[in-house]
Every structure is written in C-alpha cells, then in structure tokens.
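Down below is the structure, laid out as structure tokens.
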Amino acid sequence: MPERSLAARTVPSRRPCLTAVLRMAGLRPTRQRVALAELLFGGAHRHVSAEQLHTEANSAHVNVSLATIYNTLHQFRSAGLLREVAVDASRSYFDTDTSDHHHFYIEDEQRVIDIPSSSIVIQNLPEPPPGMAVTHVDVVIRVRKEV
C-alpha cells in the first residue's frame, strides 16, 4: 500500500476544504495541487521558496518535480491564493497571506518576514501611464545583521 503524504495523515479534514478552494479559484484539484496546498495552507501564514516547498514535499512523500512546484506556485499566485515576493531578479518567495502588507528580507538568513501595511505610508506615487491603474505597491526592505 503506498504511503500517504504527511499532510494527508496529519490534516485529513482539510482535503475537502482545499479541494473546494482550488475549484473556486478556477483550478482543477489534482492530487499534486491538493498535496501542495496542504503543505502551504495547513498551518500559519508563511513565506516559502519553491526549493523549500520541494524539500517539504519530498519529506512528506509527495512525489513532485521542482518544475511542477514552480508551475503550481505560479498557478496559485495567478488564482489569488498566494502573493509573490520578489527579493531580487533570481529569488522569489510565495506568501500565503494575500492581505495588503509589506516585507523585510533578511539577507543573512535568506528569510522574509511581514511588515504591517499600517507601518508604511506610501505617498506621492507618480501617475501611471495612460490607460493604466496602480493595483498594488510592494515594499521589500532588505536588512542584515549589524557587524
């Protein structure tokens, strides 16, 4: 008998709920999407890279490639289930909290933490190009430990 994923064993009641959430977001609830959703949304809000999620999936015996992880994270983002936090041109984290807030990126630890939106005041934004509207402003403040 194949071993069930850790997420499926520890949170069996979440599966029907996550299946419904994926359907409402316009995504077919495939076995891999549901398993990854269990890993992502099974606890508190958090920030995760594709590589971190791939490691967690392997530990939970979810057989999925890194390419599928990337595709699924981007599908979840497009469906509004995740926010992408780009910390540089080659590194992104995915945030399970889609509310309006900002982030610190701790360079030494390669970790992202939340900043409440009320902590930052955005003003004097330039006018967007004709026919465009500002939809969101993301602030990522890079920090490192003082030496």
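No lab work stands behind these numbers, since they all come straight from the coordinates. This one's a predicted model, so the numbers in the text were calculated from it and none came from an experiment. With ideal geometry, Cβ positions are generated from the backbone for all residues, glycine too; neighbour counts draw on all protein chains shown.
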Item checked: Spin-label model distance (nm) - Ala44 vs Ala133, 7 Å beyond Cα toward Cβ -> 3.6 nm
Next item on the list: Would you mind ranking His102, His45, His54, His136 by Cβ crowding within 10 Å, fewest neighbours first?
Entry: His136, His45, His102, His54
Margin query: I'd like the antiparallel share, as a percent to the nearest 5, of DSSP beta bridges with both residues in the chain.
Written below: 75 percent
Margin query: Let me check against my output: what whole-number percent is the relative contact order of segment 14-143, with C-alpha pairs under 8 Å and at least 6 apart?
Written below: 19 percent
Item checked: Principal axis dimensions, largest first and in whole angstrom, of segment 14-143 by Cα -> 48, 38, 25
Notebook entry, point to check: If you put +1 on each Lys and Arg Cβ and -1 on each Asp and Glu Cβ, how big is the dipole of segment 14-143 around its Cα centre, in Debye rounded to 20?
Noted result: 760 debye
Notebook entry, point to check: Summing -39500 (n - 2.57) over the DSSP H runs of n ≥ 4 in the chain and dividing by its residue number, what mean residue ellipticity at 222 nm do you reach, to the nearest 500 deg cm²/dmol?
Noted result: -10000 deg cm²/dmol
Margin query: Can you tell me the length gained on complete extension of the stretch Ile106 to Arg144, counting 0.36 nm per residue apart and subtracting the Cα distance?
Written below: 13.1 nm
Margin query: Expected output is a single nm value to one decimal: the length gained when fully extending between Arg91 and Ser65, i.e. 0.36 nm times separation in residues minus the C-alpha distance. What is it?
Written below: 7.5 nm
Next item on the list: Please report Ile69, Ile120 as a ranked list, fewest other C-beta atoms within 10 angstrom at the top and most at the bottom.
Entry: Ile120, Ile69
Note to self: Tell me the relative contact order for segment 13-71 as a rounded percent, counting alpha carbon contacts under 8 Å between residues six or more apart.
What the structure shows: 28 percent
Item checked: Ascending count of other beta-carbon atoms within 10 Å, so fewest first, for Thr135, Thr19, Thr72 -> Thr135, Thr19, Thr72
Next item on the list: Pop a pseudo-label 7 angstrom from the Cα along the beta-carbon direction at both Leu125 and His74 and give the gap in nm to one decimal.
Entry: 2.6 nm
